[in-house]
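Report on the following structure.
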Amino acid sequence: MDEKNVAVTAEAEFDPQAAMDAAYMGLALEEAKKALEKDEVPVGAILVWEGKGVVARTHNTRESGKNALGHAEISAIDAACKTLGGWRLHKATLYVTLEPCLMCTGAILSARIKRVVYGAPDPKAGGMGGLCDLREAGFPHTPEVVAGVGEEKCKALLDEFFVRLRERKKK
């Protein structure tokens with residue numbers, strides 16, 4: 001184990017929330033890898049209810065589903081609402097490998113998700129500080145946001161996808 005991982009592990013040992021966030025982000029990364037295998041933008045999402053368990057595991061399906069709404073976050077919110085039997089996700093934490101876009105941030109605000117933990121920032125389309133911050137728009141509910149959890153691994157998957165995409169376009 002390298003020095004960087006030792007420092008992260010030691011920090012997580014003293015902060016149970018950081019340890020939980022890292023573990024759930026690992027599950028979101030597994031979902032992102034599934035998207036990568038399907039030639040989808042590798043974004044994965046996990047929705048956890050009351051910190052007690054996963055109620056939704058999803059990844060991007062825009063290309064395979066031929067649907068603009070096939071974002072991992074939208075799918076996770078939809079699945080969680082169906083599983084829990086309601087649209088208010090006020091006791092949920094959403095873990096996602098990429099900062100949610102404007103559409104997904106709007107859905108997060110509408111669903112009243114309590115907390116969002118994301119890996120890589122998205123300066124081109126992020127709705128939680130990247131391109132803009134919809135949380136500042138005056139919605140009646142604003143989630144807590146934790147950015148940068150597993151950022152390097154999340155970025156690495158995205159980089160791999162876009163390298164592959166550019167190589168395919170050259171051919």
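Determine, from the Cβ-Cβ distance of Ala79 and Arg164 and an R0 of 41 Å, the FRET efficiency 1/(1 + (r/R0)^6), rounded to the nearest 0.05.
Once rounded, the FRET efficiency stands at 0.90.
When ligands, DNA and RNA are left out and all protein chains stay put, how many square angstrom of accessible area per residue does the chain have with a 1.4 Å probe?
I get 55 Å² per residue for the chain.
Given H placed 1.01 Å from N in the peptide plane, which residues other than close sequence neighbours of Val116 have an amide H under 5 Å from its amide H?
HN-HN under 5 Å from Val116: Leu94, Glu144, Val145, Val146.
Report the trypsin sites (Lys or Arg not before Pro) located in the range 87-137 that are in a DSSP loop and have at most 12 other Cβ atoms inside 10 Å of their Cβ, or state none.
Lys124
Before rounding to the nearest 500, sum -39500 (n - 2.57) across all DSSP H runs of length at least 4 in the chain and divide by the residue total; then give [θ] at 222 nm in deg cm²/dmol.
Taken over the chain, the calculation gives -15000 deg cm²/dmol.
In a GNM of the chain with a 10 Å cut-off on Cα contacts, which of Gly44, Gly65, Gly106 has the highest mean-square fluctuation?
In this elastic network of the chain, the residue with the biggest mean-square fluctuation among Gly44, Gly65, Gly106 is Gly65.
Evaluate the relative contact order of the chain (contact order divided by residue number), counting alpha-carbon pairs under 8 angstrom at least 6 apart; express in whole percent.
It comes to 18 percent, rounded to a whole number.
With all protein chains present, how much of the accessible area of the range 22-65 (probe radius 1.4 Å) comes from carbon and sulfur, to the nearest whole percent?
Ligands and nucleic acids excluded, carbon and sulfur give 48 percent.
Considering the values [x] 13; [y] 42; [z] 17, which represents percent of Cα pairs over 29 Å apart as calculated for the structure under consideration?
Calculated percent of Cα pairs over 29 Å apart: the matching label is [z].
With θ taken as phi - 60° and the coefficients 6.51, -1.76 and 1.60, list the Karplus ³J(HN,Hα) couplings across the range 21-29 in order, rounded to whole Hz; mark glycine and proline as x.
So the J values, rounded to whole Hz, are 4, 5, 5, 5, 5, x, 5, 5, 5.
Can you put Met128, Met20 in order of accessible area, largest first, using a 1.4 Å probe?
Highest to lowest solvent-accessible surface, that is Met20, Met128.
Stretch Leu69-Asp15 to full length: gain in nm at 0.36 nm per residue minus the Cα-Cα span?
In short, 15.9 nm is gained.
Would you mind checking which residues have amide H under 5 Å from Gly44's amide H? H placed 1.01 Å from N; only 5 or more apart, or other chain.
Close amide H contacts, sequence-distant or interchain: Ala32, Thr97, Leu98.
In this model, which of Lys52/Lys124; Lys38/Lys169; Lys66/Lys171; Lys82/Lys124; Lys38/Lys124 are farther than 28 Å apart at the alpha-carbon?
Going by Cα-Cα distance, Lys52/Lys124; Lys82/Lys124 fall outside the 28 Å limit.
The values are calculated or read from the model by the stated rules, or taken from the named source; none is laboratory data. Keep in mind that this is a model prediction, so the values were computed, not measured. Cβ coordinates were reconstructed from backbone atoms using ideal geometry, including for glycine residues, and neighbour counts include every protein chain displayed. The accessibility values were calculated without ligands, DNA or RNA, using every heavy atom of the protein model including side chains. Shrake-Rupley method; radii C 1.70, N 1.55, O 1.52, S 1.80 Å.
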